[in-house]
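A.B. asks: I have a structure I would like to understand better, so I am pasting it below and will then ask my questions one at a time.
The values are calculated or read from the model by the stated rules, or taken from the named source; none is laboratory data. From a predicted model like this one, the values you see are computed outputs, not experimental measurements. FYI the Cβ positions are ideal-geometry reconstructions off the backbone, even for glycines, and counts take in every protein chain you see. Heads up: the accessible areas ignore ligands, DNA and RNA and are worked out on the full protein's heavy atoms, side chains in. Shrake-Rupley method; radii C 1.70, N 1.55, O 1.52, S 1.80 Å.
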Amino acid sequence: MAVSIIVVDDEQLARQRLQAMIESLDGFEVCAVASQGQEAIDLCRQLQPDIALLDIRMPIMDGMQAAELIAEEGLRTKVIFTTAYDEYAVDAFEVAAQGYLLKPINKEKLEKTLMSVAAKAGFLADGRSHLSASSRGNIELIPLDNVRVLQAEHKYVTVYHTQGESILDESLKSLEHEFPSFFKRVHRNALVSSAHVVSMEKNIDGQYELKVEGCDVQPLVSRRLVSEVRGWMKQL
């Protein structure tokens, strides 16, 4: 079931742009739109959407006032503010906002924020469906199904996926715990996508390596994990 979202902005073009971006994302849907805060509150009471994307500066009732009412009434809706002004950031989190997006909003930042809020709130039954990597200020979203190998190198984790490789600002341990059905530990510095392991073979040094579908990297298997890896490979 898709995560339901209400889009609230007094500018029609802004509403349409956000709605189009959301509808292009897997797992999210726009259930309603509103042009000011009171209308948003009425729709939240009626529809109980999972997330409200709230503009801050609006006539009649602004986004801050609407967020305060959502919190006071104990509505299930999680608030993400969308605004062209960064001076509201501190106030936003004082009214229990879950996210803060500065305009102009791009699709990658929108998806990352929606995924984060939805996962923390338990709206995504299986948690995140993507990993997020950052490079030169840009956010790259990598579907879990595209991931093949995760290797720790120095302070970073490199993810090898079907579109190349990227750097993650997450630890192997946290990824292993968050995605136990996707990734298996094969070495102290490596996880693999168990669904894409092809074989385990000895190299010329007598160490075991894994061949992984769609990936040139062949991670080593530590001696203590060889029998464990054999065990789950037999169940694939």
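A.B. asks: What does the convex hull of the Cα atoms come to per residue for segment 1-62, in Å³?
C.D. replies: Taking the convex hull of the Cα positions in segment 1-62, it is 62 Å³ per residue.
A.B. asks: Additional query: Go ahead and set up a Gaussian network model of the chain, Cα springs under 10 Å, then flag whichever of His130, His196, His177 fluctuates most.
C.D. replies: His177
A.B. asks: Using per-residue counts of other Cβ atoms within 10 Å, averaged over each peptide, order 17-25, 142-150 from highest down.
C.D. replies: The most tightly packed comes first, giving 142-150, 17-25.
A.B. asks: Taking a probe of 1.4 Å, how large is the accessible area per residue of the chain, in Å²?
C.D. replies: For the chain, the solvent-accessible area averages 54 Å² per residue.
A.B. asks: Here is a further query. Note down the magnitude of the dipole of segment 138-236 about its Cα centre, charges +1 on Lys and Arg C-beta and -1 on Asp and Glu C-beta and zero elsewhere, to the nearest 20 debye.
C.D. replies: 560
A.B. asks: Suppose each label sits 7 Å from its Cα in the direction of the beta carbon; what would the Ser24-Gln163 distance come out to in nanometres?
C.D. replies: Those two pseudo-labels are separated by 1.3 nm.
A.B. asks: Sticking with this structure for a sec: To the nearest Å, what is the center-to-center distance of segment 105-124 and segment 171-203, using C-alpha atoms only?
C.D. replies: One Cα centre to the other: 25 Å.
A.B. asks: If I fit a long axis through the Cα atoms of helix 12-23 and take the longest principal axis of the Cα atoms of the chain, what angle between them do I get, 0 to 90°, rounded to 10?
C.D. replies: Roughly 30 degrees, rounded to the nearest 10.
A.B. asks: Could you point to the label whose value was computed as Kirkwood radius over Cα pairs in Å for the structure here, given (i) 20.3; (ii) 19.8; (iii) 17.8?
C.D. replies: Answer by label: (ii).
A.B. asks: Take the Cβ-Cβ distance between Ser134 and His177 as r, set R0 to 22 Å, and report the resulting FRET efficiency rounded to the nearest 0.05.
C.D. replies: With a Förster radius of 22 Å, E is 0.55.
A.B. asks: Out of Leu43, Thr77, Ser199, whose Cα points farthest toward the positive end of the dipole of the chain (charges: +1 Lys, Arg; -1 Asp, Glu; placed on Cβ)?
C.D. replies: Final value for the positive-end residue is Ser199.
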